[in-house]
Amino acid sequence: MKHTRFALVALACLLLGATALSQGLYFESKKSNGDIEKSYYSPGKFKSVDSDGKGMIILIDKEMIIHLDPENKAYTQMTFADIKKMTDAGHSMLSSMMQKRMESLTPEQRKMAEERMANANQGSKSEVKYEVTSTGDTKTISGYPCTKYVVKRNGEDFETIWATKALGNVEDVHKDMENFSTKLASAMNMQHKPLSWFKEIPGFPIETDQKSNTNTVTRIEKRAISDSEFQVPAGYTMEQPKGLESLSK
């Protein structure tokens, strides 16, 4: 889960920072635990590799996410349709478990449980509002002049971002980011688009900090990225993602 979180942040950074999409981008970032993550981007394609060598490839146009396990020379792949299938199955299973549990409750207890469930469902369906504000603070990070932005979620501090405009204009890549967020939100039955606030950050996010989980870009290169970088290496065996195998039977 943490790997996915950092990978999504890295993807947002790439999509918002890429000014020469025909070239592609490569960058390295350091996490708060000291791990170094390497990231690659070409139009519609993204790849991140952790310090342990495990990688994730996102093919936006194909609506597919691939996880690489070099230690076992194995990989798993899931389409956004697969993710939605697992999400729906998880919700159905949870609902069934709650219904069985409620059968053993007294009428009074069942009423209270139903009210709590209704409130929880209402909360999960409520609109999530993000607000991005520039504090005006500036500092240099990894050699780039950065400005500080604070992201609020429903009025509360959610994330701090230091971004630079030194890499140029970013308007032409907002559509790519919007496309990815829309597809992922639909697959996961989310009421809001993940990382949607990134499009309001002017420039390239050099450092992000959410609840003390910091991600700092330490190296950036604009260069062509080979298509082979976004393919499963030769000799890898495909495995069924956990949870999806049972749904396929």
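Quick notes on this one:
- Ala74 modelled with pLDDT under 75, touching a strand residue (DSSP E or B) at 6+ places or on another chain (Cβ under 6 Å) and in the same structural domain as Ile201 (by TED's automatic domain parsing): no
- Tally, over the stretch 195-223, of residues that are surrounded by 13 or more Cβ atoms within 10 Å (Cβ to Cβ) and over 15 Å from Lys38 (Cβ atoms): 19
- For beta carbons closer than 9 Å, sequence separation of 6+ or different chains, a first residue in the stretch 170-188 that is not assigned by TED's automatic domain parsing to the domain that holds Lys199 and a second that is outside any helix (DSSP H, G or I) and at pLDDT 75 or above, there are no qualifying pairs.
- Candidate set: the stretch 194-239, residues that are closer than 24 Å to Val128 by Cα and among the charged types (D, E, K, R); chosen: the one modelled with the lowest pLDDT: Lys199
- Verdict on Ile57 being modelled with pLDDT of 80 or more, in a strand (DSSP E or B) and in contact with a helix residue (DSSP H, G or I) (Cβ under 7 Å, 6 or more places away or on another chain): yes
The values are calculated or read from the model by the stated rules, or taken from the named source; none is laboratory data. The model shown is predicted, which means the values in this text are computed figures rather than measured ones. Please note: Cβ atoms are built from the backbone with ideal geometry, for glycine as well, and neighbour counts cover all protein chains shown.
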